[in-house]
Amino acid sequence: MKKSIRLFTTLMVCMAMALCVSCKKDNAEPNGGGNTGGGGTQTVATVTTAEVTEITKTTAVCVGEVLDDGGATVTARGVCWGTSQNPTVSNPHTTDGSGTGSFTSNITGLTANTTYYVSAYATNSKGTGYGEQKSFTTQSGGGGGQTQTFTVNGVTFEMVAVEGGTFTMGGTPEQGSDAYDDEFPTHSVTLSDYCICKFEVTQELWLAVMGSWPGTVPSVSYGLGDDYPAYYVSWNDCQEFITELNQLTGRMFRLPTEAEWEYAARGGNMSGGYKYSGSNSIGEVAWYYDNSGSKTHAVGTKSPNELGIYDMSGNVWEWCQDWYGSYSSGSQTDPTGPSSTSFRVLRGGSWGGSARGCRVSIRDNIAPDYRNDHIGFRLVLVP
């Protein structure tokens, strides 16, 4: 009997020990079920998002950094973006390598004048971690350059959209020592949207509107043909042309103000900061004294400026709407010049001028009834 009791007791102790060992195994964290081989807990990666830079109408650049891989290898990283907050990798995103460290992402395919939200991300076996959300707004659309075509008495002409903006008018630094006294002081000008002729008004368009010349007829000596600029036209003649054109089209064309002219010549808000209209090399964009052969040339035969506008340096001087006067240093919005003086403004230089005389900030002035072989014009239309 005692032997049976000892045997029973021994069996009970063995069963208790076995049960204890089993419980310990059940409570142990399985290897790979949240631990690394070294015993650390795995998590999603830790990521930061830097401010967005180099923003254009359709692109931007964002730098991200994977600070910690969470104990598991980062297999993909980049940035994701969208027009709603808290973008994820289900939104448009980049893939910029793997592992920890910083990376640069090029964001493309954006829409102009739109606010976007962006976050850096990093993906490992535990999921995707996201950095702080940043926001940015793309540049406004177009910047100008879009064209609109008009037809009058069978003759077509194109107007180029110029998106309004703020610029520094006058003898800015790229003009160097070539700037004259009347190009100072430089001053800030803000302009509203408008459209300007892609080309100088041609002889064909003048005759389509007016039927005849107001005085001296253009000649082969100074350039003759449908695509050549109209010349031998005074400021007063241009006003008669505009009155007739507006009656024919039902629109409100006019001469550009001096500020509108210079802003367009500089390329508007797409400006490359050139000395001449579209280039620092005058021969690329202008007919002037050294290459013109002492005559006008067909419009649009040199390279355009940033907005796709031709001949704003050289070929013919162009009348502006303004009376001529001195500049002031104060900021201005949509300026129209002095109320009255003796002379009207001319801009842009001509086939007979030097390189210095064809810069984007060059100014001249003459009586409004004056005509000669190197003065023409182009039009503006306010939307």
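The values are calculated or read from the model by the stated rules, or taken from the named source; none is laboratory data. Values in this document were obtained by computation on a predicted structure and should not be read as measured data. No Cβ is skipped: glycine too gets one built from the backbone with ideal geometry, and neighbour counts run over all protein chains shown. Heavy atoms of the whole protein, side chains included, go into the accessibility calculation; ligands, DNA and RNA do not. Shrake-Rupley method; radii C 1.70, N 1.55, O 1.52, S 1.80 Å.
With charges only on Cβ, +1 for K and R and -1 for D and E, what is the dipole size of the chain about its Cα centre, in debye, rounded to 20? The partial results should precede the final answer.
Values: 23 positive and 37 negative charges, 544 e Å.
Approximately 2620 debye in magnitude.
Multiply the residue gap between residue 301 and residue 54 by 0.36 nm, knock off their C-alpha separation, and tell me the result in nm, one decimal place. Show your work: numbers first, answer last.
On the way: separation 247, 0.36 × 247 = 88.92 nm, distance 3.42 nm.
The residue 301-residue 54 span can extend by a further 85.5 nm.
Bin all alpha-carbon pair distances of segment 91-248 at 10 Å intervals from 0 and give each bin's fraction as a whole percent.
8, 20, 19, 20, 13, 10, 7, 2, 0
Dividing the Cα convex hull volume of segment 268-380 by residue count, how many Å³ per residue is that? Kindly include the intermediate steps, with their values, before the conclusion.
Values: hull volume 13.1 nm³, N = 113.
It is 116 Å³ per residue.
Thinking of the chain as a set of Cα atoms, what percent of all their pairs are more than 40 Å apart?
Values: 30870 of 73153 pairs.
In whole percent, the share of Cα-Cα pairs in the chain beyond 40 Å is 42.
Within the chain, what's the longest run with no GluC sites (Glu not before Pro) in a DSSP loop and at most 15 other beta-carbon atoms within 10 Å? Give the range, please. Show your work: numbers first, answer last.
Numbers: sites that count: 51, 54, 132.
The longest uninterrupted stretch comes out as 133-383.
Please say if segment 190-304 is rounded, prolate or oblate, where rounded means a/c under 1.5 for a ≥ b ≥ c the square roots of the C-alpha gyration tensor eigenvalues, and otherwise the choice is prolate for a/b larger than b/c and oblate otherwise? Write down the numbers at each step before the final one.
Working: a/c = 2.39, a/b = 1.15, b/c = 2.08.
Since a/c reaches 1.5 but b/c is at least a/b, the shape of segment 190-304 is classed as oblate.
If the reach is capped at under 12 angstrom between alpha carbons, list the aspartates and glutamates near residue 134, excluding any in the same chain fewer than eight residues apart.
51
If I model a spin label at residue 184 and residue 61 as a point 7 Å from the Cα along the Cα→Cβ vector, what separation in nanometres do I get?
Taking the two extended label points, one gets 3.6 nm.
Taking all protein chains together and a probe of 1.4 Å, list 312, 210 from the most accessible to the least accessible. Intermediate results must be reported in sequence, preceding the final value.
On the way: 312 5, 210 60 Å².
Largest accessible area first, the residues go 210, 312.
Might you work out the accessible area of residue 366 for me, using a 1.4 Å probe with all protein chains in place, and round it to the nearest 10 Å²?
Answer for residue 366: close to 40 Å² accessible.
Please quote Rg/Rh for segment 323-379 to two decimal places, taking the Kirkwood radius as Rh and restricting both calculations to Cα atoms. Can you show the working numbers first?
Working: Rg = 12.7 Å, Rh = 13.0 Å.
In segment 323-379, Rg relative to Rh is 0.98.
Say the dipole of the chain comes from +1 at the beta carbon of Lys and Arg and -1 at that of Asp and Glu; which of 279, 135, 352 then lies farthest toward its positive end?
Positive-end residue among those listed: 135.
Per residue and in Å³, how big is the convex hull formed by the alpha-carbon atoms of segment 81-167?
Values: hull volume 14.1 nm³, N = 87.
Cα convex hull per residue, to the nearest whole number: 162 Å³.
Using the basic label-point model (7 angstrom from Cα toward the beta carbon), what is the residue 146 to residue 113 distance in nanometres?
Reported label-point gap for residue 146 and residue 113 is 0.9 nm.
For the chain, which whole-number percentage of the solvent-accessible area (1.4 Å probe, protein heavy atoms only) is attributable to carbon and sulfur atoms? Don't skip to the answer; put the middle values down first.
On the way: 8910 of 17810 Å².
Using a 1.4 Å probe with all protein chains present, the chain comes out at 50 percent carbon and sulfur.
Over the chain, what is the mean sequence separation of C-alpha contacts under 8 Å (at least six apart), divided by residue count, expressed as relative contact order in percent?
On the way: 940 pairs, mean separation 55.1, N = 383.
After rounding, I find 14 percent.
Give me the percent relative contact order of segment 136-227, please, defined on Cα pairs under 8 angstrom at least 6 residues apart.
Details: 112 pairs, mean separation 24.2, N = 92.
Worked out over segment 136-227, it gives 26 percent.
Accessible area per residue, 1.4 Å probe, Å², for the chain: what's the number?
Values: 17810 Å² over 383 residues.
Averaged over the residues of the chain, the accessible area is 47 Å².
Please list the three semi-axes, largest first and in whole Å, of the ellipsoid equivalent to segment 41-114, using sqrt of 5 times the eigenvalues of its alpha carbon gyration tensor. Could the numbers behind the result be given before it?
On the way: eigenvalues 123, 31, 19 Å².
Over the Cα atoms of segment 41-114, the ellipsoid semi-axes are 25, 12, 10 Å.
First measure r as the distance between the Cβ atoms of residue 342 and residue 73, then evaluate 1/(1 + (r/R0)^6) with R0 = 56 Å and state the FRET efficiency to the nearest 0.05. It would help to have the intermediate numbers written out before the result.
Details: r = 80 Å, r/R0 = 1.42.
Plugging the Cβ-Cβ distance into 1/(1 + (r/R0)^6) gives 0.10.
Restricting to Cα pairs below 8 Å that are 6+ residues apart, what does the relative contact order work out to for segment 261-337? Please round to a whole percent.
Working: 89 pairs, mean separation 21.6, N = 77.
It rounds to 28 percent for segment 261-337.
Would you kindly work out the equivalent ellipsoid of segment 260-328 from its C-alpha gyration tensor and give its semi-axes, the square roots of five times the eigenvalues, largest first in whole Å? If you can, show how the numbers build up before the last one.
Values: eigenvalues 83, 53, 22 Å².
Semi-axes from the Cα gyration tensor: 20, 16, 11 Å.
Within the chain, which DSSP H helices have Cα atoms that stretch 24 Å or more along the helix axis and a mean Kyte-Doolittle hydropathy of at least -0.5?
What comes out of the filter, once short or polar helices are dropped, is 2-27.
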